[in-house]
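One structure is given here, and the rest of the page talks about it.
The values are calculated or read from the model by the stated rules, or taken from the named source; none is laboratory data. This structure is a prediction, so every number in the text was calculated from the model and none was measured. Here the Cβ positions follow ideal geometry from the backbone for every residue, glycine too, while neighbour counts run over all protein chains shown.
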Ligand code: NAD
Ligand code: UDX
C-alpha cells in the first residue's frame, strides 16, 4: 500500500518536527498537521519562518523547504482526516489531574476524542498511528472506539512511539538510533506496518527500523524513558554522597562511563531532570504496575521520581543554607529557565521548583533565559498555585540580559546548560554583584577555578 496523504493530529513539540521531517524527506507525500489551537497553527504558518512556535535547531530550515510544497498546517481537522490514508495521533497525554489515577495515570481524554473524531469522519479505510506516548494496551481502546462508532470502514492501528529529544529533535529525526513500529500480527496488520516502514525507509536505513507487536512497542517507549531518567537519578543520588566524601561526581561519571557495559551518556549530574516526558511516563509506568498489583515493580520505578524531587529541593535548600540561612529580600539571579538547553520548552523544568522554594523564603528572583518568554515563566509559577499571581509577579522579574539579571544580585543559580553562559564576561558580572558573590552551578558548566580566581564563591553539584 502506497501512502499518499498523511494527517497528523497535534502540532506540538512532536507532531510539528516529525511531520516537517517526513514531508521534507518524502516530497511525494502530502502531510497536513492539524490542531485545535488556532494560535499555534497560525504561528506554524507565519510568513517569517523564524516565528514558528517551537524553537529547535534546524527546524525552521526544514519547515521553510517543505511548507506550502507538501507540508501544511491547518485547523480543519475533519477535512484532513477525511483526505488521509494514514493518520498520526500526536496529541498531549499529560498526567491526570483529577479522579481515579490523579497525579499518576496518563490522561487519555485527548486520545479518545481523536479516535471518536476519526471514526465519525472516515469514509475510507485508514491506518491510525499512535505517535503519542501511551500506556500499554491503549491500542485496544482505540480499536474498540473506531470499530464501534465508525462508518464500517477498516482501521489498522499501529504504535510508532517517538524517541526524539528536544533541543536535538531534527538531528534525532534525521538519524534515529531506531524507529519502532508495532502492529497486529494479522496479514492486514503486517501490510499496515509495511506501509509505515516504507515511509521511514526514504531516509532511515532498513536495519534501524524495528517492527514488533503493538504491546511491545507501546511498553518500549515507557521503558526507554524510565531507563534514561533512572540513569540521571542514579548519578544524582551519588552526587550527594560525593559532596559529603570529597569524591567528584564528574570524575566518578567518567570513570564508570568508560565501562562499555555502562556507557557514558546520560550520566551528567544536574539540579534534576525536567521536561514533559520523564516524570509523566514513569508515573504512568508506576500506575500501570500498581493496577496489575505489582507493588515492588511500582515502588522500584517510583524511587526515580522521589530522587529527582529530592535533588531539586536540595539545590534550593543549599542556596538558602549557604546564604547564611536566609534569602528573604535577597536577589537571586537565575540563568536559564528551560528544562534543558536549545529549547524554549519549560515543562517540568527544575527551575520552576527551585524558584518556588526560594519565593516561599521571600527571595526575589531575576530570570534570564535566551529563549523563554516572560509570560511563560509567570504561567509556570502560577500553575503551581503556591501563592497568588500578584505575589509571583512581584517576586520574579524577567531580565533581557544575563548581565541585567545578575546586577546587584546576592547569588547566581545556573538552571539550564545554555552554551552562552560559559562565554560571558564573568569579571563584569562579579563587579556588579553584592559580595560575597555566590554561584550555584546546577549544571556543572562553569569553570570553577576561573570563577574562584575572580572572587566568586562557587558551588557545583556533586563536588566540594
Ligand atoms: P504538545 O502539548 O506540545 O502538543 C500536543 C498538541 O495536540 C497541542 O497543540 C494540542 O492543542 C493538540 N491537541 C490536543 N487534542 C487535540 C484534538 N482533539 N484535536 C486536535 N489537536 C489536539 O505535546 P508534545 O510534547 O508534542 O507531546 C505529544 C505526545 O508525544 C505526548 O504523548 C508525549 O508524551 C509524546 N512525546 C513527546 C516528546 C517530547 O519531547 N515533547 C517526545 C516523545 C514523545
Ligand atoms: C526525553 C528522551 O531523551 C527522549 O528520547 C524522549 O523521546 C522524550 O524524553 P527530552 O525530555 O526532550 O527527551 O530531553 P532529555 O535530553 O532526555 O533530557 C531530559 C532531562 O534530563 C533534562 O532536564 C536534562 O537536562 C536532564 N538530563 C539529561 C540530566 O540532568 N543529565 C543527563 O545526563 C541527561
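Some points to look at:
- Within the range 429-445, considering residues that are surrounded by 21 or more Cβ atoms within 10 Å (Cβ to Cβ) and within 16 Å of ligand 2 (Cβ to nearest atom), the one nearest to residue 411 (Cα to Cα): 440
- Residues within the range 150-172 that are under 20 Å from residue 86 (Cβ atoms) and away from ligand 2 (no atom under 11 Å from the Cβ), tallied: 11
- Any chance residue 261 is in a loop (DSSP other than H, G, I, E, B), away from ligand 1 (no atom under 16 Å from the Cβ) and either farther than 30 Å from residue 29 by Cα or modelled with pLDDT of 95 or more (or both): yes
- Residue within the range 421-441 that is part of a helix (DSSP H, G or I), closer than 20 Å to residue 342 by Cα and in contact (Cβ under 8 Å) with a residue 12 or more places away in the chain present: yes
- Test for residue 128: is it modelled with pLDDT of 95 or more, at negative phi, within 16 Å of ligand 1 (Cβ to nearest atom) and in contact with a strand residue (DSSP E or B) (Cβ under 6 Å, 6 or more places away or on another chain): yes
- Of the helices (runs of 4 or more DSSP H) lying entirely inside the range 22-114, those containing at least 3 residues that are within 24 Å of residue 5 (Cα to Cα) and touching a residue at least 40 places away in the same chain (Cβ under 8 Å) span 59-66, 77-83.
Per-residue answers, yes or no, for (1) more than 24 Å from the chain's Cα centre (by Cα); (2) in the same structural domain as residue 108 (by TED's automatic domain parsing); (3) closer than 24 Å to residue 156 by Cβ:
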{"site": "13", "(1), (2), (3)": "no, yes, no"}
{"site": "17", "(1), (2), (3)": "no, yes, no"}
{"site": "28", "(1), (2), (3)": "yes, yes, yes"}
{"site": "43", "(1), (2), (3)": "no, yes, no"}
{"site": "54", "(1), (2), (3)": "no, yes, no"}
{"site": "59", "(1), (2), (3)": "no, yes, no"}
{"site": "69", "(1), (2), (3)": "yes, yes, no"}
{"site": "82", "(1), (2), (3)": "yes, yes, yes"}
{"site": "90", "(1), (2), (3)": "no, yes, yes"}
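- From the list 281, 345, the one residue that fits, being assigned to a helix (DSSP H, G or I) and touching a residue at least 60 places away in the same chain (Cβ under 8 Å), is 281.
- Residues of the range 349-394 satisfying the condition of being in a loop (DSSP other than H, G, I, E, B), touching a residue at least 40 places away in the same chain (Cβ under 8 Å) and surrounded by fewer than 21 Cβ atoms within 10 Å (Cβ to Cβ): 361, 370, 371
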